[in-house]
Every structure is written in C-alpha cells, then in structure tokens.
Amino acid sequence: MKSIKGQGQANCPNGCEPFDAEFWTLIRGDQDTELKAALLGGELNLLRCPECETFFYHDRNFIYFDPSIELLALVSPKADKKDFDKIKTQMQKDFKLLKDNMTSLSIDYDPFYLAGLEELKAMLEYEEHITQESEVIAAYAAEKGYKIAALKRYGARLKGYPFYIPVDGGDYNAASVLSAAREILKINPSWHLLTALEKDLKAGKPLPEKI
C-alpha cells in the first residue's frame, strides 16, 4: 500500500467560499521521505484560501504508517482535546475497517490516536531520538564484545526501552541481558532507555520480545 492523496472540499477559517483541494489521507513514512519531511516541517496538508490567501491545515483525519518500525498513528489535525474521546471512538472504528483491508501487512500492534499534527511531529522526533540512542548503545556493546538483540519496536517503544540491547553470552534470557546492561551502563549511566530496561529486569519483569 502506497501513500494516498484525496480530493475534497476545504473550508477557510475566515468563512470564505469553500474550494476544492487535494490532501494526503495516508502517509507511508517508510516509503515517502519527502512527505515525512513535509510533516516535520509543518507543510503537510497546508492549504491556501484562493479568496483571502490565508494558510490553514485541512481538517481531514489521516493515517501515518511505517511498518518497518511498527508505527501506526491515526491523526485528527484539528481535534479539540475536550471532544477527542468521541473522535477517538470513530477513529477506532475506522482502524478496524482499515485493518480488515490490510491483512497482507500483518498488523499485530495497536495504533496511536493523536489529537493534532504537533503530537505526531513530537512522536516522530522522539522516535528519532530513541533510534539514535539505541544505535549508540549497540555500538558500544558490540565494541565490548557483546551480542546485540533487536527488539520488536512496538513493545520497546511502549516500555521506553532501546531498540537494540546487549546480550552477555549466546542465550537470550533475563540474566544475560541484565549482566550486559549493567556493564554498559558503567560507561554511561545517563542512557535512560537502557536504565529503564535494567530496572525492570531487576524487578523481575518479563524479558522484551526480540525480532
């Protein structure tokens, strides 16, 4: 499935005559880097009224999808946070229909429901931060001779764990991961993602699922 552009009526916030416009309804973040850049730059679905020349965002809900990192978000650009529960209920129904038509993609994780473009932008920026920190941890761990396990992104994201974690020895178990995490944290105790994993494993919480 590729990114999808729709057509429909746009309503200027200044009460001008409605006009026809094009807007994106599905963005494949793993395929269309230009669209992702437009989103991060605040240009996605930005329209200009032909009558008063005011710029505004189209208010149609859209989907951001990147299966390569198990990230699916349903976004309501102009959602009023007070009424978002109602909007979210409708979005959940929309997702059920979407999932029924995307069986070939094997979506076995839940979407995020976001109220506004800023929430999605913040999520993607934080995703980049997590990825960078995870790659640094993996590089240090590999340099120290540890094996690296890649975690399933969705679960790691929810738990606040790094996407790549060190393993001491050949077996992937809590003891081997905890041992390696403790040693790597001696290099830099401020790696909060690895600290969260170390703390949870120490408390006896389940080992995260790896790819």
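The values are calculated or read from the model by the stated rules, or taken from the named source; none is laboratory data. In this text the structure is predicted, and so the values were computed from the model without any measurement. Virtual Cβ from ideal backbone geometry, glycine too; neighbours counted across all protein chains shown.
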Yes/no for K82 being assigned to a helix (DSSP H, G or I), charged (D, E, K, R) and more than 17 Å from E125 (Cβ to Cβ): yes
Contacts under 8 angstrom Cβ, first residue in segment 152-176 being within 19 Å of S68 (Cα to Cα), partner of a type in the set (S, T, N, Q), 6 or more apart: P162/S134; F163/T131; F163/S134; Y164/S134
Search result, residues across segment 16-30 that are part of a loop (DSSP other than H, G, I, E, B) and modelled with pLDDT under 95: G29, D30
Where a residue in segment 107-121 is part of a loop (DSSP other than H, G, I, E, B) and its partner, wherever it lies, is charged (D, E, K, R), with Cβ under 7 Å and at least six apart: I107/K99; Y109/E70
Residue that is in contact with a strand residue (DSSP E or B) (Cβ under 7 Å, 6 or more places away or on another chain), outside the structural domain of L72 (by TED's automatic domain parsing) and of a type in the set (A, V, I, L, M), where the choices are V136, V177: V177
Sole exception among (1) touching a strand residue (DSSP E or B) at 6+ places or on another chain (Cβ under 8 Å); (2) outside any helix (DSSP H, G or I); (3) at pLDDT below 85 for L74, by number: (3)
Test for D30: is it surrounded by fewer than 18 Cβ atoms within 10 Å (Cβ to Cβ) and closer than 15 Å to L114 by Cβ: no
